[in-house]
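Student: Okay, here's the structure, questions in a sec.
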Amino acid sequence: MELTRRGALRVGVRAVGAIVLAGCTAAPTPSPGTLGSEGALTSTHWPGASPRWRLVRPDPAVVPSPRLVVALHGKGGSVGDASFLGLFDQVSRLGVAVAAVDCGGTYFHARRDGSDVGAMVIDDLLPVLRTQGVSPAPVGLLGWSMGGYGALWLAAHCGRDVVGAVGCMSSALWTSPGASAPGAFDDRADFVAHDVFARTKAFAGMPLRLDCGTSDPFIAANRAFAKLVPDAVVTFDAGGHDDTYWRAHGIRQLEWFAQNLPAVSPT
């Protein structure tokens, strides 16, 4: 089984990631009381690509040091998905900054071809966001589908000094190598090396929220993962693996981040 993002704003993703910031420009402001910026990365973690990023933050006069939530899209998605799901529209109301970036479809871990989009997010995107006046430590990671797996992997791999809270929707999880989607891992050894089920101790003391629809093909694996992280906030309710579910639950996730992501010190 392989699921991809097929929403109205689906845009072909160009693959990306030492950090070079190209064409940083002001982005259209999605709502009053916010500031937006956008640009593109060139990264050694994604050679030859120019992934786009976008940041929307609260007015600095109102929230000088906002918490930062980075949105990680599903396979086949793009930076525009965060806007399509309405995440940027919540920035002023909740007082949190939201960023998104093109992430391709290689599941956020080091791959045989030399790419590592997860490392791009941490090593390249976060420093760029710092230049835009937000502190990316500790950062919140909000992912759906492939991005849900990516949020879990990056949190487990990087630890609480980098990731302060994790929110996942419809996470692309598999309980065995043979069940995983084609292309999600290079081979069995790659699956084992990046198996989030084997790293659940890393989530001890870290705010974690898991949402998944009961009609979602990933619900069984999400239930299995939830049993291993008993302190997580879990919402398994009606819905499928689609934009309707992610739009409604994404707003609730951001509300949760506003309450649970550790505050940052003024920069």
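Student: Go through Ala248, Ala226, Ala189, Ala179 for me and flag whichever is modelled with pLDDT of 95 or more, under 15 Å from Leu152 (Cβ atoms) and not basic (Lys, Arg).
Tutor: Answer to the check: Ala226.
Student: Could you list, in sequence order, all residues of the stretch 95-106 that are out of contact with any Phe, Trp or Tyr (no Cβ under 6 Å at 6 or more places or on another chain) and either surrounded by fewer than 20 Cβ atoms within 10 Å (Cβ to Cβ) or more than 19 Å from Pro262 (Cα to Cα) (or both)?
Tutor: Correct list: Gly95, Ala100, Asp102, Cys103, Gly104, Gly105, Thr106.
Student: Being part of a helix (DSSP H, G or I) and touching a strand residue (DSSP E or B) at 6+ places or on another chain (Cβ under 8 Å) is the filter here, so list the residues in the stretch 243-267 that pass it.
Tutor: Tyr245, Trp246, His249, Gly250, Arg252, Gln253, Leu254, Trp256, Phe257, Ala258, Asn260
Condition check ((1) over 23 Å from Leu154 (Cα atoms); (2) touching a helix residue (DSSP H, G or I) at 6+ places or on another chain (Cβ under 9 Å)) across all residues:
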site	(1), (2)
Gly33	yes, yes
Val56	no, yes
Ser78	no, no
Ser92	yes, no
Ala99	no, yes
Arg111	no, yes
Gly114	no, no
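Student: Among the numbered criteria (1) crowded, with 16+ Cβ neighbours inside 10 Å; (2) in contact with a helix residue (DSSP H, G or I) (Cβ under 7 Å, 6 or more places away or on another chain), which single criterion is violated by Glu255?
Tutor: That leaves (1) as the condition not met.
Student: Right, here's the next one. If you check every pair at least six apart or on different chains, which have Cβ atoms under 6 Å apart with a residue in the stretch 155-184 that is closer than 18 Å to Arg111 by Cβ and of a type outside the set (Lys, Arg) first and a residue that is modelled with pLDDT under 95 and assigned to a helix (DSSP H, G or I) second?
Tutor: If the second residue must be modelled with pLDDT under 95 and assigned to a helix (DSSP H, G or I), no pairs are left.
Student: Note down all Cβ pairs under 7 Å where the first residue falls in the stretch 79-105 and is among the hydroxyl-bearing types (Ser, Thr, Tyr), the second is in a helix (DSSP H, G or I) and buried (at least 24 other Cβ atoms within 10 Å of the Cβ), and they're at least six residues apart or on different chains.
Tutor: Between residues of the stretch 79-105 that are among the hydroxyl-bearing types (Ser, Thr, Tyr) and residues that are in a helix (DSSP H, G or I) and buried (at least 24 other Cβ atoms within 10 Å of the Cβ), there is no close pair.
Student: So is Ala198 small (Gly, Ala, Ser), surrounded by fewer than 14 Cβ atoms within 10 Å (Cβ to Cβ) and under 21 Å from Ala71 (Cβ atoms) or not?
Tutor: For Ala198, the condition - small (Gly, Ala, Ser), surrounded by fewer than 14 Cβ atoms within 10 Å (Cβ to Cβ) and under 21 Å from Ala71 (Cβ atoms) - is not met.
Student: Here is a further query. Asp242 - would you say it is surrounded by fewer than 19 Cβ atoms within 10 Å (Cβ to Cβ) and either small (Gly, Ala, Ser) or at pLDDT 95 or above (or both)?
Tutor: In short, yes.
Student: Starting from the stretch 243-266, keep only residues that are of a type in the set (Phe, Trp, Tyr), then list their pairs with residues that are part of a loop (DSSP other than H, G, I, E, B) whose Cβ atoms are within a distance under 6 Å, requiring at least 6 positions of separation or different chains.
Tutor: Tyr245/Gly239; Trp246/Leu85
Student: Taking Thr29 as the residue in question, decide whether it is closer than 27 Å to Asp242 by Cα and at pLDDT below 95.
Tutor: Taking the combined requirement at face value, the residue satisfies it.
Student: While we're here: Kindly establish whether Ala248 is within 28 Å of Gln90 (Cα to Cα) and under 16 Å from the mean Cα position of the chain (by Cα).
Tutor: So Ala248 does not fit the description; no.
Student: Which residues, taken from the stretch 40-90, are in a loop (DSSP other than H, G, I, E, B) and under 22 Å from Gln259 (Cα atoms)?
Tutor: Asp59, Pro60, Ala61, Val62, Val63, Pro64, Ser65, Pro66, Leu85, Gly86, Leu87, listed by residue number.
Student: Could you check how many residues of the stretch 222-234 are crowded, with 16+ Cβ neighbours inside 10 Å and either among the aromatic types (Phe, Trp, Tyr) or touching a helix residue (DSSP H, G or I) at 6+ places or on another chain (Cβ under 9 Å) (or both)?
Tutor: Number satisfying all stated conditions: 5.
The values are calculated or read from the model by the stated rules, or taken from the named source; none is laboratory data. Keep in mind that this is a model prediction, so the values were computed, not measured. Here the Cβ is made from the backbone with ideal geometry for all residues, glycine too, and neighbour counts use every protein chain on show.
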